[in-house]
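What follows is a short report on a single structure.
FYI, it's all coordinate maths here, none of it is from the lab. Worth saying up front: this structure is predicted, and the values here are computed from it rather than measured. We place every Cβ from the backbone using ideal geometry, glycine too, and count neighbours over all the protein chains shown.
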Amino acid sequence: MPRYAALIYAAEPGVPPAELYRAHRAFAEAARTAGVLLASDLLAPASAATTVRVRDGTTSSAHGPAAGPGRALAGVCVLECRGLDEAIGWAARIPDAVRGAIELRPVLESERAWEAWAVVERMVEDTRRQRAEYEARRAIADRPSA
């Protein structure tokens, strides 16, 4: 069955109030009972994040989240559902969906991930080629007539 990562974006950063915490526990219990919840973890507040980047072979780290202000990744769940419709139904039951947002992404199996990556690389190359062809046609069309 397909698996989906449910990235939970809180409306407000910080530690959730007790009521929200209880709502998350109820969701997790219901999803586990239904057999769709494979993993669920709450993340520390964005203020505890460290962002790592590698540029030109040099690793740097900075205190704080990678995303800009206003987006606080608060947690992640892995759901195993019959399809996207079922995953959307479960994501809508995650308490943060009411004030924040839940981003669903299919989880790719290792072999499928590499196949998908090859498809993406071909799409990028096709887009570059098409862009170059477009620019060449445009340059010819923009030439002044003699």
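Set against the labelled values (1) 1.07; (2) 1.02; (3) 1.16, Rg/Rh (Cα atoms, Kirkwood Rh) computed from this structure falls on (3).
For the chain, adding -39500 (n - 2.57) for each run of n ≥ 4 DSSP H residues and dividing by the number of residues yields -14000 deg cm²/dmol at 222 nm. Taken over the stretch 74-138, the convex hull of the Cα atoms encloses 154 Å³ per residue. Put a plus charge on the Cβ of each Lys and Arg, a minus charge on the Cβ of each Asp and Glu, and nothing anywhere else: the dipole of the chain about its Cα centre is then about 300 debye. Entry note: the stretch 19-59 has Rg to Rh equal to 1.27, where both radii use alpha-carbon atoms and Rh is the Kirkwood radius.
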